[in-house]
Amino acid sequence: MKHCEDQFAPPPEMQTEACQVAGVELDVDPALVLRCELGAHEGPDHAAGIVEAQDHSGRMTWVWWRSGVDVRDPCMARRFGEVERLDNVVCGLFAGHEGEHAWP
């Protein structure tokens, strides 16, 4: 998958909100720069996962460049092991994302 190349430095208040929504306490990093995790796209908004939920839900707090912070369920698409890769990985994006899946 060809990734979007857009980057974003979330302001401290957005980082704080993401942590609060996820229910975690993390230090704000004024040097943090996120890269859009979506595939190459034409849409006006970009997104990056920033904080994982501290439970077994797999939910992630995502930062959207234009629309703020949102918690999303994970995409449950799986790629099963290939001959040279004996893995069983889940897409790294959120449920309902557009475009191709993102495999780690």
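Of His56, Pro11, Leu34, which is farthest towards the positive pole of the chain's charge dipole, taken about the Cα centre with +1 and -1 on the beta-carbons of Lys, Arg and Asp, Glu respectively? Of the options given, the answer is His56. Axis of helix 12-22 versus longest Cα principal axis of the chain: the two differ by about 60°, to the nearest ten degrees. Placing unit charges on the Cβ atoms only, positive for Lys and Arg and negative for Asp and Glu, gives region 1-80 a dipole magnitude near 420 debye about its Cα centre. Find the Cα radius of gyration of the chain, compare it with 2.2 N^0.38 Å by division, and give the number to two decimals. Taking N as the residue count of the chain, the ratio is 1.12. Estimated from helical segments only, the mean residue ellipticity of the chain at 222 nm is -3000 deg cm²/dmol, where each DSSP H run of four or more residues counts as -39500 (n - 2.57). Using a cutoff of 8 angstrom between alpha carbon atoms and counting only pairs six or more residues apart, the relative contact order for the chain works out to 22 percent.
When the charge dipole of the chain is built from unit charges on Cβ atoms (+1 for Lys and Arg, -1 for Asp and Glu) and taken about the Cα centre, the candidate among Phe94, Met76, Gln20 whose Cα reaches farthest toward its positive end is Met76. Counting Lys and Arg as +1 and Asp and Glu as -1 over every other residue whose Cβ lies under 14 Å from the Cβ of His41, the net charge comes to -4.
A short reminder: the numbers here are calculations on the coordinates, not readings from a lab. Not measured: the values here are computed from a predicted model. When we count neighbours, we look across all protein chains shown, and the Cβ atoms used for this are built from the backbone with ideal geometry, even at glycine.
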